[in-house]
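Just so it is clear, none of the values below were taken in a lab; they were calculated from the coordinates. No experiment lies behind these values; they were computed from the predicted model shown. Because the Cβ atoms are built from the backbone with ideal geometry, glycine has one as well, and the counts that use them run over all protein chains shown.
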Amino acid sequence: MPQHSLADLTQNDWIHACLKLGLTANTQGGKGSHILIIHPSSNRKYTIQRRLHKYINLKILKHLQSWGFSEEQIWEALR
């Protein structure tokens with residue numbers, strides 16, 4: 001069972017989780033306060049905005065799953 005709610009997650013939570021998952025967080029590659037997340041082996045990119053809500057967090061979760069991470073891995077990284 002997840003320790004966090006999707007409504008409670010912030011951009012910083014996702015940055016730390018992505019780094020734990022072995023992804024790169026580029027603060028220079030995003031526009032404004034957006035952060036560019038890069039998968040190092042496939043070079044896939046995804047942008048995480050500053051202000052998040054439940055549906056955007058769900059979209060980020062699903063996007064990371066499409067990159068091959070399990071839901072359990074993602075929630076573990078979010079701890």
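Before moving on, here are some points about what is shown:
- The length gained by stretching the chain between K62 and N26 to full extension, at 0.36 nm per residue less their Cα-Cα distance, is 10.9 nm.
- For the chain, the mean residue ellipticity at 222 nm estimated from helices alone is -11500 deg cm²/dmol, where every DSSP H run of n ≥ 4 contributes -39500 (n - 2.57) and the total is divided by all residues, rounded to the nearest 500.
- Overall form of segment 6-78: oblate. Here a/c, set by the Cα gyration tensor axes a ≥ b ≥ c, is 1.5 or more, and a/b is not larger than b/c.
- Using the Cβ of H53 as centre and a radius below 11 Å, the other residues enclosed give a net charge of +2, where K and R count +1 and D and E count -1.
- Spin-label model distance (nm) - S33 vs H53, 7 Å beyond Cα toward Cβ: 1.5 nm
- For segment 6-78, the relative contact order comes to 34 percent (Cα pairs under 8 Å, sequence separation of at least 6).
- Charge tally in the Cβ shell below 11 Å around L64, where Lys, Arg are +1 and Asp, Glu are -1, L64 excluded: +2
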